[in-house]
Each structure stands twice: as C-alpha cells, then as structure tokens.
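Structure, as structure tokens:
Any read-out appearing in this document is the output of simple, stated calculations on the displayed coordinates, not a laboratory observation. Since the model is a prediction, treat every value here as computed from it, not as a measurement. Virtual Cβ from ideal backbone geometry, glycine too; neighbours counted across all protein chains shown.
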Amino acid sequence: MELEKEFEKAAQVINRASAIIVNTGAGMGVDSGLPDFRGKEGFWKAYPLYKRLGINFMDAANPAHFSKDPSFGWGFYGHRVNLYRKTEPHEGYKILKDWIREFGLDYFIATSNVDGQFQKASYPDDKIFEVHGSIHHLQCVRPCSDDIWDNDEEFEIDKDSMRSNNVPLCPNCGGTARPNILMFGDFSWVGERSGKQEDRFRQFLDEYQDENIAVIEIGAGTAVPTIRNLSERIARSYDAAVIRVNPREYHISPPHISIACGGLEGLEGINNYLQERGK
C-alpha cells in the first residue's frame with residue numbers, strides 16, 4: 001500500500017510537469033536481463049573467471065589493459081559489446097516514450113550507462129547525454145587525436161581466458177583502439193562527444209528553468225554516485241521534483257519521492273495512475 005501511495009504521488013508530479021528528465025544508472029538495464037555488477041559477488045557472478053583471478057569491476061574497467069594487454073582488455077569490453085547488441089530494451093523504455101507523446105512533454109535523457117539502450121529503443125541522439133561515454137564508439141588509446149568513431153567491430157571472446165580474437169586499431173596511427181568510455185583512473189578519455197551532449201543538456205535545462213521539471217531517476221546507486229548527484233543538483237538549481245526509483249538505495253528527502261522497487265515495476269506502477277487519470 002505504501003508503494004501505491006508513492007506511485008500516485010509520482011503520477012501527480014508528472015501530470016504537472018512541462019518537461020521530464022530521465023536520469024538512469026545501471027539498475028535501468030536489469031529488467032532487460034543485463035547483469036547487476038553491484039559489489040564483487042554481482043560482478044563475479046557475471047564473470048566467474050575474474051573471481052578466480054581476483055579481479056573486480058574496477059580492475060577490469062581499467063584503461064591500462066588496452067596498453068599492456070589489449071586482447072585481455074577487449075575480452076571484457078568485447079563481451080559487453082556483444083551483450084548490449086543482443087539485448088532488447090524492456091517495456092519501461094516504451095512507457096517513458098508514451099508519456100512524452102501522450103502528455104506533450106519535452107524531455108532529456110542523462111545516463112551513466114554506456115550500453116546504448118536508449119538509442120536502441122529509438123530515442124534520438126540529440127536527446128541523450130551519456131555521462132561516461134558509449135561502448136558503441138571508439139577512440140585511440142594514446143590518444144593520437146580527438147577522433148571518435150563508430151564501433152563496427154566484431155568480437156569473439158574466449159570465455160576460458162577472457163581474451164578477444166579481435167583488437168580494434170586506430171585508423172590514424174595504427175595503434176590500439178579502445179572504447180570511448182570514461183573508465184576508472186582514466187586520463188586518456190576523449191570526452192568531446194559527451195561534452196557536446198552535455199552542452200545540449202544544459203541548454204535544455206536553461207530553456208525550462210522557469211517551468212515545472214520532473215526528474216525521474218531510475219537505478220542509480222551510490223557506489224559511483226554521478227547520476228544521483230546530478231538529480232540532486234537539478235533539484236536545487238531548477239526547483240525540480242525528483243522521483244527516485246531504486247530497490248535498495250531509494251531514500252531521498254521530502255518533498256521528493258522515494259520508490260523502493262526496480263525500474264520497470266516503478267514505471268508500470270506510476271503508469272497505472274497516469275492512465276487512470278487520463279480516462
């Protein structure tokens with residue numbers, strides 16, 4: 001019953017909004033079947049070999065592998081490329097799109113996910129801010145330039161060694177290419193693409209600074225709190241209402257709304273009240 005009350009309050013916030021900002025973390029992908037890397041055990045469940053090697057997510061997501069042992073570096077990221085390419089976005093992506101259309105809402109997506117699932121769900125590029133970059137784009141390891149290009153590479157991964165049969169190369173210098181993702185301890189990420197997305201996002205915020213903005217935050221944890229911090233900055237700076245949907249780390253102080261469930265369940269619960277009101 002308590003959850004239903006929060007669904008109803010969230011629906012009221014969205015009904016009053018002129019624009020919505022959808023802020024998502026890794027939890028958004030769980031309902032699509034993507035692995036939850038939460039904690040060592042969650043990561044090791046998805047990648048058992050790394051448990052035997054004593055490698056955690058931060059170790060695997062380290063740009064040094066692409067310089068020292070690029071086949072091993074691409075073993076992890078090539079596997080994720082394959083995973084994201086075959087994953088279909090869950091129904092929650094469609095629910096959000098239905099709200100945008102039915103209620104005439106302008107919107108923007110801000111996500112720390114590098115999986116490209118919003119693009120796969122047919123959201124336009126110019127409405128997405130990929131805070132940490134995208135696995136579907138490449139750059140030079142060095143980097144020899146600020147060039148960023150599409151990741152059209154194919155990967156076969158040896159699951160016993162977590163090595164890739166293919167190591168992409170930079171078309172400019174012939175050296176190793178890496179994903180255009182901000183990794184841990186990363187000093188060579190080319191952030192130009194994400195920087196342009198951020199510029200569009202800030203323009204959007206400025207356009208609606210005197211309007212009712214609803215922030216829907218889904219699956220953003222505290223281990224890397226980029227998205228949570230962004231939601232709270234928007235709340236302070238633009239007097240926006242935040243709806244935080246998270247099964248574990250859901251708390252946010254009133255008048256903002258805490259919804260203690262997974263992303264798809266939360267969106268479906270809010271949607272039930274929105275549809276009732278629309279009848």
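Give the Rg (one decimal place) followed by the Dmax (whole number) of the stretch 192-279, computed from C-alpha coordinates and expressed in Å.
Reported Rg and Dmax, both Å: 14.3, 45.
Which net charge results for the neighbourhood of residue 134, defined as the other residues with beta-carbon distances under 12 angstrom from its beta-carbon, given Lys and Arg at +1 and Asp and Glu at -1?
Surrounding charge for residue 134 is -1.
Report for the chain the percent antiparallel among DSSP-assigned beta bridges with both residues inside it, nearest 5.
30
Which whole-Hz couplings ³J(HN,Hα) result when phi for each residue of the stretch 129-138 is put into the Karplus expression 6.51 cos²θ - 1.76 cosθ + 1.60, θ = phi - 60°, listed in order with x for Gly and Pro?
Values per residue, Gly and Pro as x: 10, 8, 4, 9, x, 9, 6, 8, 9, 10 Hz.
For the stretch 22-159, give the magnitude of the charge dipole about the Cα centre (Cβ charges: +1 Lys/Arg, -1 Asp/Glu; no others), in debye to the nearest 20.
Here the size comes out at about 600 debye.
Rank these for me by crowding, 242, 224, going from fewest to most other beta carbons within 10 Å.
224, 242
I'd like the trypsin sites (Lys or Arg not before Pro) in the stretch 138-236 restricted to DSSP loop residues with at most 15 other Cβ atoms within 10 Å, sorted by number.
Within the stretch 138-236, the qualifying trypsin sites (Lys or Arg not before Pro) (loop, at most 15 other Cβ atoms within 10 Å) are 159.
Against the longest principal axis of the chain, how steep is helix 226-238, in degrees 0 to 90 to the nearest 10, with axes from Cα atoms?
Long axis of 226-238 versus the principal axis of the chain: about 40 degrees.
May I ask for the equivalent-ellipsoid semi-axes of the chain, computed as the square root of five times each C-alpha gyration tensor eigenvalue and listed largest first in whole Å?
Result for the chain: semi-axes of 35, 21, 16 Å.
With +1 on the Cβ of every Lys and Arg and -1 on the Cβ of every Asp and Glu, and nothing else charged, how large is the dipole of the chain about its Cα centre, in debye rounded to the nearest 20?
For this selection, approximately 600 debye.
Can you give the angle from 0 to 90° between the axis of helix 2-16 and the longest principal axis of the chain, with both taken from C-alpha atoms, to the nearest 10?
Rounded to the nearest ten degrees, it is 80.
Between the helical axis of 263-278 and the dominant principal axis of the chain, each derived from Cα atoms, what acute angle in degrees is found, rounded to the nearest 10?
That works out to roughly 30 degrees.
Name the residue from 180, 77, 273 whose Cα lies farthest towards the positive end of the charge dipole of the chain, charges +1 on Cβ of Lys and Arg and -1 on Cβ of Asp and Glu.
77
Among the aspartates and glutamates, which fall within straight-line cross-link reach of residue 68, defined as a Cα-Cα distance under 18 Å, with same-chain neighbours fewer than 8 residues apart omitted?
59, 186
Let me check I've understood the local charge: for residue 146, count other residues with C-beta under 13 angstrom from its C-beta, Lys and Arg +1, Asp and Glu -1. What total comes out?
My count for the surroundings of residue 146 gives +1.
Determine the shape class of the stretch 18-67: with a ≥ b ≥ c the square roots of the Cα gyration tensor eigenvalues, call it rounded for a/c under 1.5, and otherwise prolate if a/b is greater than b/c, oblate otherwise.
In terms of gyration-tensor shape, oblate.
Can you list residues whose amide H is under 5 Å from residue 182's amide H, if they're 5+ apart or on another chain and H is modeled 1.01 Å from N?
Long-range HN contacts for residue 182: 133.
Loop only by DSSP, 14 or fewer other Cβ within 10 Å of the Cβ. Give me the GluC sites (Glu not before Pro) in the stretch 174-224 that pass, ordered by residue number.
When the GluC sites (Glu not before Pro) of the stretch 174-224 are filtered for loop state and at most 14 Cβ neighbours within 10 Å, 211 remain.
Which whole-Hz couplings ³J(HN,Hα) result when phi for each residue of the stretch 174-188 is put into the Karplus expression 6.51 cos²θ - 1.76 cosθ + 1.60, θ = phi - 60°, listed in order with x for Gly and Pro?
Residue by residue, the stretch 174-188 yields x, x, 5, 9, 9, x, 7, 10, 6, 9, 6, x, 9, 10, 10 Hz.
Just want the ordering: 140, 261, 170, from fewest to most Cβ atoms lying within 10 Å of their own Cβ.
Taking fewest neighbouring Cβ atoms as first place, the list is 261, 170, 140.
Which loop-located chymotrypsin sites (Phe, Trp or Tyr not before Pro) does the stretch 13-111 contain, where loop means any DSSP state but H, G, I, E or B and the Cβ has at most 16 other Cβ atoms within 10 Å?
Qualifying residues, ordered by number: 103.
Name the shape class, rounded, prolate or oblate, that the alpha-carbon gyration tensor gives for the stretch 138-238, where a ≥ b ≥ c are the square roots of its eigenvalues, rounded holds for a/c under 1.5, and otherwise prolate holds if a/b is larger than b/c and oblate otherwise.
Cα axes put the stretch 138-238 in the prolate bin.
Once you have a ≥ b ≥ c as the square roots of the Cα gyration tensor eigenvalues for the stretch 70-160, tell me rounded if a/c is under 1.5, and otherwise prolate or oblate according to whether a/b is larger than b/c.
The shape class here is oblate.
Mind sorting 53, 267, 205 by how few other Cβ atoms lie within 10 Å of their own Cβ, fewest first?
53, 205, 267
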